[in-house]
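Right, one structure below, let's go through it.
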Amino acid sequence: KKAKSYIEIGYQQQLSFRLSNGGYSVFGENYSKVTSTWLTAYVVRFFMKASKYIPIETRIIETGLNYLANEQFEEGDFQYTGALFDPAHQNEYGFTAFVLLTFLEDPVSFCFSFY
């Protein structure tokens with residue numbers, strides 16, 4: 001019960017960093033309108049996992065996936081936007097793999113985003 005409460009609190013707090021385009025910013029819309037593709041992938045993946053334990057609005061996940069899908073280049077890699085404090089995912093191959101893992105987290109969402 002306590003773990004579910006922490007997940008719900010995290011979900012509500014993370015929504016304050018959601019931008020109108022469906023992506024997420026490190027500082028939220030009041031401070032920065034620059035969407036972070038890495039943070040968006042991370043948050044959407046967390047929401048997919050959390051949806052097994054608490055109700056998560058489907059449109060929140062879908063708009064995040066739509067944002068990410070729109071950031072994909074024709075060659076298959078993803079545009080890196082926003083800033084990270086830890087540059088570990090700034091390698092283009094690692095970053096693309098990280099974003100793709102978000103789509104692969106849920107087969108239904110994966111199909112939704114690419115068709």
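The values are calculated or read from the model by the stated rules, or taken from the named source; none is laboratory data. Quick caveat, the model's predicted, so the values are computed rather than measured. When we count neighbours, we look across all protein chains shown, and the Cβ atoms used for this are built from the backbone with ideal geometry, even at glycine. Only protein heavy atoms, including side chains, enter the accessible area calculation; ligands, DNA and RNA are left aside. Shrake-Rupley method; radii C 1.70, N 1.55, O 1.52, S 1.80 Å.
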For segment 28-41, give me each residue that is surrounded by 14 or more Cβ atoms within 10 Å (Cβ to Cβ) and over 15 Å from GLU71 (Cα atoms). GLY28, GLU29, SER32
Options LEU100, LEU104, LEU19: the member that is of a type in the set (A, V, I, L, M, F, W, C), open to solvent by 70 Å² or more (accessible area, probe 1.4 Å) and either at pLDDT below 95 or in contact with a Ser or Thr (Cβ under 6 Å, 6 or more places away or on another chain) (or both): LEU104
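Might you let me know whether segment 79-87 holds any residue that is open to solvent by less than 60 Å² (accessible area, probe 1.4 Å), at pLDDT 90 or above and among the hydroxyl-bearing types (Ser, Thr, Tyr)?
Within segment 79-87, none of the residues are open to solvent by less than 60 Å² (accessible area, probe 1.4 Å), at pLDDT 90 or above and among the hydroxyl-bearing types (Ser, Thr, Tyr).
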